[in-house]
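Okay, so here's the structure we're looking at.
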Amino acid sequence: MKTSRAIAVARTDARSDTGTLKAALLALLVGAAMVLSQVSPLAAQDRPDTFADLAEQVSPAVVNITTATTVAGNTGPQGIVPEGSPFEDFFEEFNEGQPRRSSALGSGFVISEDGFIVTNNHVIENADEIMIEFYPGGEEMLQADLVGTDPNTDIALLKVDADRPLPFVEFGDSDGETAEVGDWVMAMGNPLGQGFSVSAGIVSARNRELAGTYDDYIQTDAAINRGNSGGPLFDMNGDVIGVNTAILSPNGGSIGIGFAMSSAVVTNVVDQLKEYGETRRGWLGVRIQDVTPDMMGAIDGLDEPQGAMVTDVPEGPARTAGVEPGDIILTFDGVDVTDTRELVSVVGNSPVGKNVAVEVLRDGDMRELTVKLGRRETAQAAAFPQDEEAEPTEPATTSMLGMALSEITEDMAGELGVAAGEGLVIMEIDPESEAAAKGLRAGDVITEANQSGVTSVEEFETRVDEAREAGRNSMLMLIRRGGEPRFVALSLT
């Protein structure tokens, strides 16, 4: 409105003064230039005119991967002749016991001129032969050797020997300014076996978790399909900020929800695979669970739900350092612990054998302990053997907080996987009670109440009375199910 009015005024004045008109027009042009100088760079930065230069820059380092695997022969003519066909016996005799070759396609990228290649573990898993096809105009197809794999992050490292230095790409900072939500990214790979392809989109979300212990996925709407697995996700600098791994799709094709494992995770895994041929993650030696809002009324010294609550401490680094069940780990090696996922990540990325300062909250007081980390891959299975789930036993007569409780006898102990007199077993649960809503069930064993051991119904009743006298709204109990411990808070009101 102001611009239109200014032009109108200038035109009105122009009839009597040409100099005034020129001055008004000049002022408008200067103002427009100032506005454009502010808007144009922003638009150019937010939306690239083309991805061609970037694709040309990085494509020589992107590879197609073909694998071959020997699988057992068919037990019958499935898919060859209909069931009941007169030819069925012939094909069954022909195929029975005959091994066959199966092939698969995927993607990868070269990370060093001497031929190290990164891809997904599921691309090359169980392969007898791995062949690498380079971008058209590059090297001829080369056979790759497997250096090492990490199923936990679905990353594999391969190696090829070439006659000359290979073009390669470098990892970028997946936690940096070029990988924020809304930033442009470009994916490359071999979707559906169609050959080298490029797709572009933005970072849709960060820190996604699928099913793995160390998940840290970048979500993107750049088209990712089958065959893209193992390929790189680039930022606009041409650095790899993720390894394309999975898609969320009802039909197997891209619907704009793809996931790339972040370079922050991948670089650490690749370094270990290159040095050792396997991963060597730090191990604290505890079972943990998140601190939930309903636990706050039973915990002294904590203002908000945070940290990781220790539910079990077997023989290992944490027990040696003095960590106890019920401790809440709030910092690890100077890093604030917000939840169990963060603690698992920072511990796993720590060097084996490192002495680490761990701050825990115990009985309302902060304590600092020093833990010498072990190695997860060799220690966890021995420390946490898998126990069979306990079967419910006959009901007892004493009931509290919606639970029928019983002391543990010698006959019960073997079935429950605990010692006689070690805690109370839940015989029945009121389906309308809070205990049922919290997931407790018959066969669960209560070993602690108010962070103190209980071996009898009387001790449990005493813990309840103590909590009420202290003005607490809830009581924290340590529950074991099939050997797996977790804390549950039940209301006392």
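Each reported figure results from applying straightforward, stated rules to the coordinates on display, with no laboratory input. Please read all numbers here as calculations on a predicted model, not as lab measurements. With ideal geometry, Cβ positions are generated from the backbone for all residues, glycine too; neighbour counts draw on all protein chains shown.
For Asp339 and Glu461, FRET efficiency with R0 = 22 Å and r from the beta-carbon atoms, rounded to 0.05? Result of the calculation: an efficiency of 0.10. Arranged from fewest to most other beta-carbon atoms within 10 Å of their beta carbon, Lys354, Lys274 become Lys354, Lys274. Of the residues Met477, Leu405, Ala419, the one whose Cα sits farthest towards the positive end of the charge dipole of region 398-491 is Met477 (charges of +1 on Lys and Arg Cβ, -1 on Asp and Glu Cβ, taken about the Cα centre).
Using R0 = 25 Å, the C-beta based FRET efficiency linking Asp49 and Gln194 works out to 0.45. Taken over region 136-220, the alpha-carbon convex hull comes to 147 cubic angstrom per residue. If R₀ is 22 angstrom, what is the calculated FRET efficiency for the pair Thr69 and Gln143, using the beta carbon separation as r and rounding to 0.05? Efficiency, rounded to the nearest 0.05: 0.90. Look at the Cα gyration tensor of region 177-276: its axes a ≥ b ≥ c give a/c under 1.5, and that counts as rounded.
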